[in-house]
1. Can you check how the C-alpha radius of gyration of the stretch 1-86 compares to 2.2 N^0.38 Å, as a plain ratio?
2. What's the magnitude of the charge dipole for the stretch 69-174 around its Cα centre, counting Lys and Arg as +1 and Asp and Glu as -1 at the beta-carbon? Answer in Debye, nearest 20.
3. Distance between the C-alpha centers of the stretch 75-152 and the stretch 1-52? Whole Å please.
4. Over the stretch 71-198, average the accessible area per residue using a 1.4 Å probe and give it in Å², no decimals.
5. In debye to the nearest 20, how big a dipole does the stretch 1-156 give about its Cα centre with +1 on each Lys and Arg Cβ and -1 on each Asp and Glu Cβ?
6. Test of the criteria: in the stretch 4-110, which trypsin sites (Lys or Arg not before Pro) are in a DSSP loop and have at most 12 other Cβ atoms within 10 angstrom of their Cβ?
7. Kindly list the residues of the stretch 58-98 that lie in the label zone of GLU38, defined by a backbone N under 18 Å from the point 7 Å along the Cα-to-C-beta vector.
8. Viscosity 1.002 mPa s, temperature 20 °C: what is the translational diffusion coefficient of the chain from Stokes-Einstein with a Kirkwood Rh over Cα pairs, rounded to a whole number of µm²/s?
Amino acid sequence: MVEIRTLRGRPVGLRHESGRAPALLFVHGSAGTNRVYEPLLEALGDYERYAIDLPGRADSQGPALEEVSSMAAVVDELARSEIDGPYVVLGHSLGGAVALEHAIAETSEQLAGIVLLATGARLRVQPLILQLHEAAAKADSPLPQLPPGLFEESTEPALIAAVESQRRSVPVRTALSDWRAADAFDRMKDLGRIDVPALIVAGTKDRLTPPKYAAYMAANIPTHELHLLEGAGHMLIMERADQLAALIDGFVARL
């Protein structure tokens, strides 16, 4: 069930479920919505959880945000206004950049850790992705096709259809803002400032955020766990939900 909160002066939609601490706060990737986390939310333990839709899509009013720091500011306000105890920020792809940004800037002792899923300290977007979205936004046409390399070779068509379905609530200009924000993101020199544990998970077949991105974060975040999922692609949050849930449960238990 979608709930609406006013964050930084605009209505923002999120999925909220009560449960035990620490609270888990989920941030989606480019051209995404919180629905991308449905398989993982179903597989996880009974934590309190918040899965946000960033502005400009689904039930969150626009305009879309153009910088990762602005997205992190929305997460900051959500954490401060809604969560009383410890919490963990989990981010996939662009959402992982938001989690990094939050951890670098956040000084509250409530932040217990971050989970970085198929992401990086710098996100270099393939030029073709940007070009296709720029052309679609100019023509006011639907979102371009999904980029190659998102899924494993054996992915069920139903799962791909589910991703396509949730993308329909994302305007093309919002998607373009997301991809541009991802492409501009660079915190490679600041990872040493993160003073909470990080769980880093990547797929060995991910063509958008390859394993070397995860290896770099592991080499530079002081306290971390690194897991490479053999054969997984960029959408491991959907395709490897049970495997991820086990890793997340273990990580949270050790915090």
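The values are calculated or read from the model by the stated rules, or taken from the named source; none is laboratory data. In this text, all values refer to a predicted model and were calculated from it rather than measured experimentally. Cβ placement follows ideal geometry from the backbone for every residue including glycine, while neighbour counts extend to all protein chains displayed. Calculation scope for accessible area: heavy atoms of the full protein, side chains included, ligands and nucleic acids excluded. Shrake-Rupley method; radii C 1.70, N 1.55, O 1.52, S 1.80 Å.
1. Working: Rg = 12.3 Å, N = 86, 2.2 N^0.38 = 12.0 Å.
Ratio of Rg to 2.2 N^0.38 Å for the stretch 1-86: 1.03.
2. Values: 7 positive and 13 negative charges, 92 e Å.
Around 440 debye, computed over the stretch 69-174.
3. 13 Å
4. Working: 5710 Å² over 128 residues.
Accessible area per residue, the stretch 71-198: 45 Å².
5. Values: 12 positive and 22 negative charges, 70 e Å.
Roughly 340 debye for the stretch 1-156.
6. Details: sites: ARG5, ARG8, ARG15, ARG20, ARG35, ARG49, ARG57, ARG80; in loops: ARG8.
Passing sites in the stretch 4-110 do not exist.
7. 58-60
8. Working: Rh = 17.9 Å.
For the chosen part, D equals 120 µm²/s.
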